[in-house]
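Trainee: Would you mind keeping the following structure in view while I ask a few things?
Every read-out reported here was derived from the displayed coordinates using simple, explicitly stated rules and does not represent laboratory data. Computed from a predicted structure; not experimentally measured. A quick note on method: Cβ atoms are made from the backbone with ideal geometry, for glycine too, and the neighbour counts reach across all protein chains shown.
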C-alpha cells in the first residue's frame, strides 16, 4: 500500500510559536487521512515542547538554531537511513505555524499512483494579507477566515507546501543542495524552481492538479515578507 508522510522544520522561539505549532499538529491529527508527522526542531533554552500522539515524531536538534533547509537536510537523511523514507512512499510538507483543511492529506493521496514521482497541487494555499495590521495577524485562524480582507490568494510561484514528492525523488532534489546553500534562508525558493523545471521536463512521471478549494492556510510572519519579496523578484526574472 502506498504511504504518505508529513515533514516539518521549525525553530520554536516564543510562546506564540509553540501555540501555533500545536495548532498545526492538531490540524494534522484531525485529517480524514491520518499520516505520521516528522518534526525536526530547535527551541529556545527557556522553552520546552511536547505533543502526546504516537503519529507525531518530534526530533529535537542539539543546535540553538538551524535554517529550514538545514533541518530538512538532516531530517530527510535520517528518515532515509532508518527506512521511514523510501522509494515507495511519498512526502508532503507543512510549515510549523499553519493550518490544514481536514481533507488535505487525502486529496494528495488520491492522486498517488505507481510511476508518479511529483505531484503539485496548485491553488490550494491561501495566506494572510501582507498589509493586514498587527492586531489582525493575532486573530485566530477561525476569525481570520471570516474576515475576507485578511486573506488573499497565494502569490506565484507556488511553494513547496503544495508539493508531494516520492521518497527517492526527494532525496535526489536534496542532494542538489550543498551545505552552504542550505544555510541560506531563501534556499526553499531555489528548491521550488528546480521542482517546477523537473515537472516541465518529465510530464509522464509528474502531474499538476488545480485545487478547487483552499486546503492550506498560511499564516503571515515578518520574516516571510523578506522571502516573498525575493520570490517576486525571482519570479519576474523567469522567462
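Trainee: Using label points projected 7 Å from each Cα along Cα→Cβ, tell me how many nm separate residue 205 and residue 122, to one decimal.
Mentor: Rounded to a tenth, the inter-label distance reads 2.2 nm.
Trainee: Please list 95-107, 201-213 highest first by mean number of surrounding beta-carbon atoms within 10 Å per residue.
Mentor: Packing proxy ranking, top to bottom: 95-107, 201-213.
Trainee: Cut-off is 10 Å between beta-carbons; in what order do 74, 120 appear when sorted fewest neighbours first?
Mentor: 74, 120
Trainee: At what distance in nm do the modelled label points of residue 29 and residue 78 sit from each other, each positioned 7 Å from its Cα along Cα→Cβ?
Mentor: In this crude spin-label approximation the distance works out to 2.0 nm.
Trainee: Kindly identify segment 1-45 as rounded, prolate or oblate by the Cα gyration tensor criterion: order the square roots of the eigenvalues as a ≥ b ≥ c, call it rounded if a/c is under 1.5, otherwise compare a/b with b/c, prolate if a/b is larger, else oblate.
Mentor: Verdict is oblate for segment 1-45.
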